[in-house]
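J.: Pasting a structure below so you can have a look.
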Amino acid sequence: MDDRQGSLEWAEQKAKEIATLLLFWYEKNKRLLPWRTTADPYAIWLSEIMLQQTQVDAVIPYYRRFLEQFPTIRDLARAPLEAVLKAWENMGYYSRARHLHAAARLVVDSHGGQLPQDPDDLKALPGIGPYTAGAILSIAFGKPVPAVDGNVKRVLSRLFAVDRPLNDGSTQRYISLLAEKLVPAENAGLFNSALMELGALLCRPGMPTCSACPLTSICLAYAGNSQHQLPVAGKRAKRPHKEAAAVILRDSGNRLLIVQRPADGFLGGLWKFPGGMVNPGETVSEGLKNRCREELNLSVSVREPLLTLQQGYTHFQLTLHVFSGTILEGNPGLPATGNWLWASVGDIRRFPFSRAELRILEALFP
DNA sequence: AACGCGGGGGG
DNA sequence: CCCCCAGCGTT
């Protein structure tokens, strides 16, 4: 976090000019987004959670539906987690939904139903980290604190020509210090939003649109023509490939057997069809039978392949084989964790599923 | 500090 | 194919 170019002091000197240029640009060029027309801290909080690692266009419909279904923190706190997960279905990173729900209950129980304005109280709520706390404090409560997200890191790395890997901890601390120097006493929320908007609209990864940027007169990367080389990327891991299998089992009433995933794990709390990962050394069919026994203490016969699909996740690429099958022995046992039930085709979409299961449903029961 | 956590858009 | 996205929590 050393300040080799003396940029911290320079940032402090240029802060007012940067804020003036940026806010002028923002008022003329900002997108009209639904969370920009509300002053409700809960709505702003919700938008910030949904926007974590998820693009604006993807969030908008979820945001509208969620607020319609859970208009206040108390409504959210009263709701069953399952309903919240259903509202989050297919958006990914479901721990966000679980944490938001838990946080709403904490707010009702410990803060009188109002989102706390104290930074430490805010950060103590599950799902609210440094960025989200800064965003809520500045945008909803008008506090002069920075909000450093991926956009801001990229913008500031160019503005101050930070040539160290962005995902390095010390670089991030340095960027946060820069952001702290820049944030104005007034209009901090607008300023933070403007910095992010600049990153989203102009100062984009790879090929920034410097010709339209209000900050070229300040930008050290632009001055040195290094804007295309910044920010410096860190190294990234390759995604391994994994194999999994699932089975469609029906009872005498033609209902489908579904299983709920453990609350804290991968896709936690969402429902799935019986099955799981195929281990090395197992055939797909063996793996499927073994997973059914482990998962439900169920002996199944694997019949015919119904479909195979590819699904990408953050840390691996999955090939999922789906089979029809029959139960050879007994009824499903209690799984170690979670729950199971028989769902009719008409009812099954009331349960929250991940993208892979949604694709299975779409293919087999359109 | 490194990793787990989804899904989709865009080059 | 790759990267990246209004990051956080755990280890």
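J.: Examine the range A:297-310 for a residue that is more than 25 Å from A:E89 (Cα to Cα), among the β-branched types (V, I, T), in contact with a Cys (Cβ under 6 Å, 6 or more places away or on another chain) and not assigned by TED's automatic domain parsing to the domain that holds A:E89, and state whether such a residue exists. Full working, then the answer.
T.: Start the filter on the range A:297-310 by keeping residues that are more than 25 Å from A:E89 (Cα to Cα), which leaves A:297-305.
Of the ones still in play, those that are also among the β-branched types (V, I, T) are A:300, A:302.
Right, trim to in contact with a Cys (Cβ under 6 Å, 6 or more places away or on another chain) and you get A:300.
If we keep only those that are not assigned by TED's automatic domain parsing to the domain that holds A:E89 as well, we get A:300.
Yes.
J.: Related question: Need the failing condition index for A:R31 against (1) within 27 Å of A:V152 (Cβ to Cβ); (2) within 16 Å of DNA strand B (Cβ to nearest atom); (3) assigned to a helix (DSSP H, G or I); (4) not small (G, A, S), just the number.
T.: Unmet condition: (3).
J.: Return the total of residues in the range A:231-266 being under 30 Å from A:K153 (Cα atoms) and surrounded by 21 or more Cβ atoms within 10 Å (Cβ to Cβ).
T.: Result for the range A:231-266: 1.
J.: Okay, next question. I'd like to know if the range A:113-136 contains one or more residues that are of a type in the set (K, R) and within 26 Å of A:G265 (Cα to Cα).
T.: Step one: filter the range A:113-136 for residues of a type in the set (K, R), giving A:123.
Within this subset, residues satisfying the condition of being within 26 Å of A:G265 (Cα to Cα) are A:123.
Looking through the range A:113-136, at least one residue is of a type in the set (K, R) and within 26 Å of A:G265 (Cα to Cα).
J.: When the range A:142-189 is examined, which residues are found to be among the small types (G, A, S), under 24 Å from the mean Cα position of the chain (by Cα) and part of a loop (DSSP other than H, G, I, E, B)?
T.: Of everything in the range A:142-189, just one residue is among the small types (G, A, S), under 24 Å from the mean Cα position of the chain (by Cα) and part of a loop (DSSP other than H, G, I, E, B), namely A:A147.
J.: Being farther than 29 Å from A:F70 by Cβ, open to solvent by 50 Å² or more (accessible area, probe 1.4 Å) and more than 16 Å from DNA strand B (Cβ to nearest atom), is that true of even one residue in the range A:158-172?
T.: Yes, the range A:158-172 has at least one match.
J.: Would you list the helices (runs of 4 or more DSSP H) that sit entirely within the range A:46-137 and hold 3 or more residues that are surrounded by 16 or more Cβ atoms within 10 Å (Cβ to Cβ) and in contact (Cβ under 8 Å) with a residue 12 or more places away in the chain?
T.: Qualifying helices (runs of 4 or more DSSP H): A:56-69, A:73-78, A:81-88, A:95-110, A:130-135.
J.: Among the residues in the range A:106-121, are any more than 13 Å from DNA strand B (Cβ to nearest atom) and under 30 Å from A:Y313 (Cβ atoms)?
T.: Within the range A:106-121 (the criterion being more than 13 Å from DNA strand B (Cβ to nearest atom) and under 30 Å from A:Y313 (Cβ atoms)), the answer is yes, since at least one residue qualifies.
J.: Does the range A:28-41 contain any residue that is of a type in the set (A, V, I, L, M) and either over 29 Å from A:N90 (Cβ atoms) or crowded, with 18+ Cβ neighbours inside 10 Å (or both)?
T.: yes
Here's the yes/no breakdown for (1) out of contact with any Cys (no Cβ under 7 Å at 6 or more places or on another chain); (2) hydrophobic (A, V, I, L, M, F, W, C); (3) free of Cβ contacts under 8 Å to residues at least 60 places away in the same chain:
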position	(1), (2), (3)
A:F160	yes, yes, no
A:G169	yes, no, yes
A:I175	yes, yes, yes
A:P184	yes, no, no
A:G199	yes, no, yes
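J.: Can you report the number of residues in the range A:204-226 which are of a type outside the set (V, I, T), within 23 Å of A:Q55 (Cα to Cα) and either open to solvent by 40 Å² or more (accessible area, probe 1.4 Å) or more than 27 Å from the chain's Cα centre (by Cα) (or both)? Steps first, please.
T.: In the first step, residues of the range A:204-226 are kept if they are of a type outside the set (V, I, T); the result is A:204-208, A:210-215, A:217, A:219-226.
Then drop every residue that is not within 23 Å of A:Q55 (Cα to Cα), which leaves A:204-208, A:210, A:212-213.
When the remaining residues are screened for being either open to solvent by 40 Å² or more (accessible area, probe 1.4 Å) or more than 27 Å from the chain's Cα centre (by Cα) (or both), the result is A:204-207, A:210, A:212-213.
Counting residues in the range A:204-226 that are of a type outside the set (V, I, T), within 23 Å of A:Q55 (Cα to Cα) and either open to solvent by 40 Å² or more (accessible area, probe 1.4 Å) or more than 27 Å from the chain's Cα centre (by Cα) (or both) gives 7.
J.: Additional query: Can you tell me how many residues in the range A:51-101 are over 20 Å from A:P41 (Cα atoms) and away from DNA strand B (no atom under 15 Å from the Cβ)?
T.: 3
J.: Mind telling me which of the residues A:G312, A:G325 ends up being more than 30 Å from A:G127 (Cβ to Cβ) and in contact (Cβ under 8 Å) with a residue 60 or more places away in the chain?
T.: A:G325
J.: Which residue out of A:T319, A:T314 is within 16 Å of DNA strand C (Cβ to nearest atom) and open to solvent by less than 30 Å² (accessible area, probe 1.4 Å)?
T.: A:T319
J.: Do you know which residues across the range A:295-325 are at pLDDT below 95 and of a type in the set (D, E, K, R)?
T.: Hit for the range A:295-325 is A:E295, nothing else.
The values are calculated or read from the model by the stated rules, or taken from the named source; none is laboratory data. Everything quoted here is computed from the prediction, not taken from an experiment. Glycine also receives a Cβ, built like all others from the backbone with ideal geometry; neighbour counts cover every protein chain displayed. Just the protein is used for accessible areas: all its heavy atoms, side chains included, with ligands, DNA and RNA removed. Shrake-Rupley method; radii C 1.70, N 1.55, O 1.52, S 1.80 Å.
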